[in-house]
Amino acid sequence: MIKHISPENLSAYVDSALSESERSKVDEHLPVCAPCRKQVEELSRVAAWLGQRPDYPVPPFFAARLSARLKARQERNITSDFVWIAKRLAPGFAIIIVVMLAWSSWRSSDILPSPEDYLSMADSTTAMVILAESESELTSDEVLQLAVFESSSEE
Amino acid sequence: MTVVMSTRNVAAGDDLSLIEDFKNGREAAFTQLVEKYQQQIFNLLFHYTGRKEDVEDLAQEVFIKVYTHLADFETRAAFRTWLYRIALNASIDHSRKLKLRRMLSLDGLTDWAKERLTFQNATSSPHQSAEQSELKQQIQAGLDRLPEDFRRALVLRDMEGLEYEEIAEITGWNLGTVKSRLFRGRQRLREFLEPYVEEAK
């Protein structure tokens with residue numbers, strides 16, 4: 001009884017992918033074995049059909065369009081890098097601003113107003129109360145309350 | 001296939017010098033690499049997925065991935081193998097997504113049923129439908145039905161013309177597995193295309 005060649009080897013024979021010794025075994029076997037010959041024929045037909053597929057048409061300017069897209073992407077990345085850095089630096093800036101504000105308020109609390117300052121402030125407040133009272137229909141107490149509120153919010 | 005045949009034997013040294021140029025900041029070197037391999041990659045993506053409408057997006061995705069990782073590419077390996085591996089993985093992912101979508105949607109089921117019907121009609125009257133375009137469609141339909149491992153083997157060997165060693169490197173299979181998957185894939189496809197095989201005799 002003839003010892004057949006394994007179908008895997010017949011398939012590799014079609015691809016000329018067998019070693020020298022394996023290939024010569026198949027070469028000797030095929031002339032005397034119709035089923036193996038048929039197998040080789042069918043496998044090579046399928047392989048040939050697959051190999052006949054035409055090239056897929058590459059769309060025009062594919063490479064150029066791709067590099068344009070990559071360039072745009074890179075520019076976007078640079079912008080996002082900037083945003084990234086800005087985000088990382090933001091807390092630092094916030095701390096610096098807070099420190100500066102605290103320092104400036106500490107400095108201003110050092111310089112206390114003189115009695116003359118109080119007098120001129122009191123004078124202008126009285127004048128404003130009289131003016132406001134005459135121009136609106138509020139009572140002097142209400143005007144004063146408003147003035148106090150106003151000056152406290154100014155501070 | 002002519003382009004594939006002519007570029008297949010181009011020395012890999014060209015790729016390495018282009019990659020070096022790219023690493024040194026010459027962007028045009030990347031475009032040259034794309035131009036060199038775009039035909040092979042479009043073929044692979046189309047042959048594997050069988051989806052004209054998705055091929056260009058997939059190709060862009062593949063080359064963008066290449067661009068992003070090219071700086072880390074180890075020049076000891078062959079660029080082509082690496083590129084094919086990326087393209088093949090993209091194809092496999094895409095096919096899985098499509099399959100899932102088809103399974104989840106009723107429309108997909110109807111499309112699938114229509115395809116089956118076309119195939120059955122073709123098998124019932126092989127003499128009338130043995131034209132080349134019909135055969136092409138059936139080959140694609142047959143490939144789509146194959147288990148992924150077999151399809152991978154057939155696309156890389158029979159359609160892209162790669163050697164067994166290169167297929168082993170791309171897929172991570174050993175040579176014995178490449179050999180057996182090729183045989184079994186061809187066998188399955190042969191069964192699927194039975195009427196045409198008979199016709200050709």
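Throughout, read-outs are computed from the coordinates displayed, never taken from laboratory work. Note that the structure is a prediction, hence the values are computed from the model and not measured. Counting neighbours? That spans all protein chains shown, and the Cβs are built from the backbone with ideal geometry, glycine included.
About its Cα centre, the dipole of region A:60-110 is roughly 420 debye, where the only charges are +1 on Lys and Arg Cβ and -1 on Asp and Glu Cβ.
Going by a ≥ b ≥ c, the root eigenvalues of the Cα gyration tensor, does region A:7-52 fall in the rounded group (a/c under 1.5), the prolate group (a/b larger than b/c) or the oblate group? Taking the square roots of the gyration eigenvalues as a ≥ b ≥ c, region A:7-52 is oblate. In this structure, the residue pairs whose Cα-Cα separation is over 20 Å, taken from B:K36/B:K99; A:K71/B:K65; A:K3/A:K25, are B:K36/B:K99.
Modelled this way, with points 7 Å down the Cα-to-C-beta line, the labels at A:I2 and B:K99 are 3.8 nm from one another. Note on region A:60-110: dipole from Cβ charges, positive end direction compared against A:I85, A:I96, A:L66; the farthest Cα belongs to A:L66. Here region B:151-201 is treated with +1 on each Lys and Arg Cβ and -1 on each Asp and Glu Cβ, and its dipole about the Cα centre works out to around 260 debye. For region A:60-110, the gyration tensor built on C-alpha atoms gives a prolate shape. Its axis ratio a/c (a ≥ b ≥ c) is at least 1.5, and a/b is the larger of a/b and b/c.
The ranking of B:L182, B:L135, B:L162, B:L98 from fewest to most other beta carbons within 10 Å of each one's beta carbon is B:L98, B:L135, B:L162, B:L182.
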